[in-house]
1. Which residues, taken from region 43-84, are within 19 Å of residue 17 (Cα to Cα), assigned to a strand (DSSP E or B) and out of contact with any helix residue (DSSP H, G or I) (no Cβ under 7 Å at 6 or more places or on another chain)?
2. Filtering region 25-44 down to residues that are more than 10 Å from the chain's Cα centre (by Cα) and farther than 14 Å from residue 9 by Cβ, which residue is surrounded by the most Cβ atoms within 10 Å (Cβ to Cβ)?
3. Considering only region 18-42, how many residues are part of a loop (DSSP other than H, G, I, E, B) and modelled with pLDDT of 95 or more?
């Protein structure tokens, strides 16, 4: 990482009972661990606005505040977005 740059942040939007979310969580966790990047998950079922926004697209991933993928997380694309 260059001086003054900030670490990448990955955010995964999903909800319980979503098999694609389970698959995405596994990919995100593995890729982020391999490049030492933190990530977090948001349960959209607890927020009506998020449920309306992302309900048909979950899982949705964001990298550094920008939407990156939805439905399926490609580990190669995610790793590339993280600069590794």
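1. Of everything in region 43-84, those that are within 19 Å of residue 17 (Cα to Cα), assigned to a strand (DSSP E or B) and out of contact with any helix residue (DSSP H, G or I) (no Cβ under 7 Å at 6 or more places or on another chain) turn out to be 43, 70.
2. Filtering first and then ranking leaves 44.
3. 1
The values are calculated or read from the model by the stated rules, or taken from the named source; none is laboratory data. Being a predicted model, the structure only gives us computed values, none of them experimental. Glycine also receives a Cβ, built like all others from the backbone with ideal geometry; neighbour counts cover every protein chain displayed.
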